[in-house]
Amino acid sequence: MSEIQDLSTFVRHPAEGVAAMDLVVEGVHCGACISTIEKGLSRDAAVRSARVNLASKRLTVEWTEGELRPSEILDRLSGLGYPAYPFAVETADSVELREEKRLLRCLAVAAFGAMNIMLLSVSLWAGAATGPSGATRDFFHWLSAVVALPTVAFAGRPFFDSAAKALKARTFNMDVPISLGVLLAIGLSVVQTLQHATEAYFDSAVMLLLFLLAGRYLDQRMRRRTRDVATNLAAMRAERAVKLFEGGEAREVPIAAIAPDDLVLVRAGERVAVDGVVEDGRSDVDQSLVTGETSPAPVATGAQVYAGSLNLTGALRVRVAKAATGTLLDEVNALLEKAVVQRSSYVRIADRAARLYAPVVHVTALATFLGWMLMGLGWEHALVIAITVLIITCPCALGLAVPAVQVVAAGAMFRHGVMLNSGDALERLAGVSDIVFDKTGTLTLPTLSVANLADIAPQDLSLAGSLALASKHPLARAVAAAAGATAPLPAHEFPGQGVTIFIEGVRLRLGSIAFCKAEAEAAPVAAKWPDASLMAFRAPERVVVFAIRQAARPDAREIVGELLNAGYRIEALSGDRPAAVEAAARELGIETFSGGVKPGDKIARLNALRSGGRKTLMVGDGLNDAPALAAAYVSMSPITAAHLTQTQADAVFLGDRLAPVAEALSLARKAKRLMVENLWLSAIYNLFAVPIAILGYASPLVAALAMSGSSVIVTVNALRARQARGF
Amino acid sequence: MNVLVFLVPLALALGALGLAAFLWALRNGQFDDLDGAAWRAISDDDLPDDAPRQNHV
């Protein structure tokens, strides 16, 4: 690209006269990279600081305002061998980061409190306070209180806040019994201390917080790292557009800098980066990422074009739309709103357990209190026993049971190229019974390739490939890629038709069927490859016809077979022509399919499946799939999907292969099994611990041992979620 | 026994000092890039360089 890049939208101004920019850098992986980049940039006097973050593969550069253009920094970095991509820090990112730091602070405070209180408690249990007066014991209890009260006030906030929110909404979550247990334990201990009692539960309360905070912090960190990777990937494939300024100047700008009513130039072979109306120009566009339809549609002045379509033949000047009305995008947005409202409110397994668990615990505690009263025990003593029941049942293991599995499973998915967008996606993925695939870009790769390579003679292919290099047309690029051609021929291009060259006394042509007058030869190829676009190559005495289409993902057939064997029902729903959908579905062994499906019809189909009691995983990438993804029980999309679509998906998978979908399903099933197992483990723990507490034998030592024991068991069990595969 | 009255709170105070140091380090961004810090420790920043370094954050 010869245009100067305008990156001003990414520049921050942290201080007067200072400009800064955040960049994602490709290929940094060691200390040498850090010093190459930092020293390389710092040689410039205008650069005030350059700091690489190796963990997140990001770079922050600060320079003196006005002395350096942002694009020069990118040039210098790529000169150093590190292509970099600017990105804007989203507010959601910094909120997540703040929450993570807050949890880490709470965790540190709780760890300090737990260690020191435990130090005091262990000395008491070991017999430090055997003196007749109990003065040492009281002193230790007071010290524990001095440490525990501020610790709980600070480190317990995440739980108290969440519990208050849940109660305000008149629901229960796990944080309600947790908060109640901690507060009661602390309150009881203070009263016990005041009354010179022999036992206090400061250690239990603080240790409980420590365990739970550890689980929550890990959970948050996993989510944040997933987000970071997603942001980096988004920055690397950030779309740019050529903006036409008044006076005819053309400049390449990031999409974030484009406003409604701007004029944008889209050349042949480029993706349209904006939604808008064609101001002038004539071309064919491939809207497969938008509608799923793979055969190109002609556009001319006044036609609507959408972001994500591929401009095939001619240059277009597009006026950016303010807000689309009465268009496909409008329809997609309306459907999306409805689908999001309709989305069945899934209740997380942990919350379901809490709803079941909290009343049982509270009733048990009350019954214990009344029971001891009836047995003739004083109300104070009965109350103490009732509160110890609450403390010992406080769902320490229960609170860890689900998050610990989630963290381990999300980590395992990450390694298999699946990134979860939502926390409960795991549980929903585990319940899936049906899978609905979109065809274009999901079952098939988003890039074009030559389908009938086997029918083409190698010398024709290499000649056609060299000729194809002269054209920017996507079909020609696919031919060039298939031939592995690197040396272009100095051919002449007729835009929208083809390229031709006169070489060694013969004329060679590569282009549309009409351009090469190859109608007769094209007919059998078209019949054999109904979903392909055709391109012809004519040397004087022979004609070759290329069938070019989006090939199926390399392992699609195998994975579909594996999923069918595992008992999933599989369907293909696509906006593409029925013939093309049928060909692709047959090739992959999918028996239920329909083509020409509109976005609304996709939702209707999903709703029909739902009312039949089926739980559907929707996998799609197009803009037209976005409402269906939102309406499905759970959804996934490839990383190449349209932006709007990706934000609606519960999980995003990377790479050319379809295997991550199968991995995700198998990991999710395993994770769900472990979650249920963990919940049972903590239920069994309670089965033993609660009778001890009800009978009044739950000393602080017993409580400490029982709690840490059950937490460790649950966490170790969760680690098994690492290995996948095998349904 | 009376020695406990001094020593135990002293131990607590030392622990609190450690906590304060950790919270300071956290706030100061010392934990933002754990991978990078490992490499920076062995970089030869302190050796004379052919080009003068112009910045230190």
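The values are calculated or read from the model by the stated rules, or taken from the named source; none is laboratory data. What you see is a predicted model, and the numbers here were worked out from it, not measured in a lab. Cβ atoms come from the backbone with ideal geometry, glycine included; neighbour counts cover every protein chain shown.
Among the residues in segment A:316-323, are any modelled with pLDDT under 85, touching a Ser or Thr at 6+ places or on another chain (Cβ under 7 Å) and either within 16 Å of residue A:624 (Cα to Cα) or not small (Gly, Ala, Ser) (or both)? Checked segment A:316-323: no residue is modelled with pLDDT under 85, touching a Ser or Thr at 6+ places or on another chain (Cβ under 7 Å) and either within 16 Å of residue A:624 (Cα to Cα) or not small (Gly, Ala, Ser) (or both). Among the residues of segment A:125-151, those that are at pLDDT 90 or above and among the hydroxyl-bearing types (Ser, Thr, Tyr) comprise A:144, A:151.
Annotation note: Cβ proximity below 7 Å between a residue of segment B:1-22 that is closer than 15 Å to residue A:147 by Cα and at the interface with chain A (Cβ under 10 Å from one of its Cβ atoms) and a residue that is of a type in the set (Gly, Ala, Ser) and assigned to a helix (DSSP H, G or I) (sequence gap 6+ or interchain) occurs for B:19/A:108.
State all residues of segment A:411-436 that are part of a helix (DSSP H, G or I) and outside the structural domain of residue A:569 (by TED's automatic domain parsing); if no residue qualifies, say none. Before the answer, list the steps.
Of segment A:411-436, the ones part of a helix (DSSP H, G or I) are A:411-415, A:425-430.
Listed by number, the residues that qualify are A:411, A:412, A:413, A:414, A:415.
Within segment A:592-617, residues that are assigned by TED's automatic domain parsing to the domain that holds residue A:435 have Cβ atoms under 9 Å from residues that are acidic (Asp, Glu) and in a helix (DSSP H, G or I) in these pairs: A:593/A:582; A:594/A:601; A:595/A:582; A:598/A:331; A:599/A:331; A:599/A:625; A:600/A:331; A:602/A:625, counting only partners at least 6 apart in sequence or on another chain.
Which residue out of A:28, A:61, A:18, A:52 is more than 22 Å from residue B:43 (Cβ to Cβ) and touching a Lys or Arg at 6+ places or on another chain (Cβ under 9 Å)? Result of the check over A:28, A:61, A:18, A:52: A:18.
Taken as a whole, segment B:26-36 holds at least one residue that is closer than 19 Å to residue A:113 by Cα, facing chain A (nearest Cβ under 10 Å), out of contact with any strand residue (DSSP E or B) (no Cβ under 6 Å at 6 or more places or on another chain) and modelled with pLDDT of 80 or more.
Out of all the residues in segment A:175-182, is one or more small (Gly, Ala, Ser) and surrounded by fewer than 17 Cβ atoms within 10 Å (Cβ to Cβ)? Looking for residues that are small (Gly, Ala, Ser) and surrounded by fewer than 17 Cβ atoms within 10 Å (Cβ to Cβ), one finds none in segment A:175-182, hence no. Scan segment A:297-315 for residues that are of a type outside the set (Ser, Thr, Tyr), modelled with pLDDT under 80 and over 34 Å from the mean Cα position of the chain (by Cα) and the total you get is 1.
Looking at A:553, A:509 in this structure, which one is buried (at least 20 other Cβ atoms within 10 Å of the Cβ), in contact with a helix residue (DSSP H, G or I) (Cβ under 7 Å, 6 or more places away or on another chain), basic (Lys, Arg) and modelled with pLDDT of 85 or more? Walk me through how you get there before you give the answer.
On the way: A:509 fails: in contact with a helix residue (DSSP H, G or I) (Cβ under 7 Å, 6 or more places away or on another chain).
After applying the criteria, what remains is A:553.
Let's see how each residue does on (1) of a type outside the set (Lys, Arg); (2) out of contact with any Phe, Trp or Tyr (no Cβ under 7 Å at 6 or more places or on another chain); (3) within 21 Å of residue A:124 (Cβ to Cβ); (4) at pLDDT 85 or above:
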{"position": "A:168", "(1), (2), (3), (4)": "no, yes, no, yes"}
{"position": "A:173", "(1), (2), (3), (4)": "yes, yes, no, no"}
{"position": "A:187", "(1), (2), (3), (4)": "yes, yes, yes, yes"}
{"position": "A:195", "(1), (2), (3), (4)": "yes, yes, yes, yes"}
{"position": "A:199", "(1), (2), (3), (4)": "yes, yes, yes, no"}
{"position": "A:202", "(1), (2), (3), (4)": "yes, yes, yes, yes"}
{"position": "A:205", "(1), (2), (3), (4)": "yes, yes, yes, yes"}
{"position": "A:211", "(1), (2), (3), (4)": "yes, yes, no, no"}
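Hand me the list of strands (runs of 3 or more DSSP E) wholly inside segment A:21-124 holding 2 or more residues that are more than 9 Å from chain B (Cβ to nearest Cβ) and modelled with pLDDT of 85 or more. Break it down into steps so the answer makes sense when it comes.
Values: elements: A:47-53, A:58-64, A:84-86.
Correct list: A:58-64.
Just one of the listed residues (A:418, A:436) is buried (at least 21 other Cβ atoms within 10 Å of the Cβ) and farther than 30 Å from residue A:530 by Cβ, and it is A:418.
Being surrounded by 15 or more Cβ atoms within 10 Å (Cβ to Cβ), of a type in the set (Phe, Trp, Tyr), within 34 Å of the chain's Cα centre (by Cα) and over 30 Å from residue A:8 (Cα atoms) is not true of residue A:112. For segment A:591-613, filtered to residues that are at pLDDT 85 or above and of a type in the set (Lys, Arg), the residue that is nearest to residue A:576 (Cα to Cα) is A:602. Take residue A:468 and decide whether it is surrounded by fewer than 17 Cβ atoms within 10 Å (Cβ to Cβ), touching a residue at least 12 places away in the same chain (Cβ under 8 Å) and not charged (D, E, K, R). In short, no.
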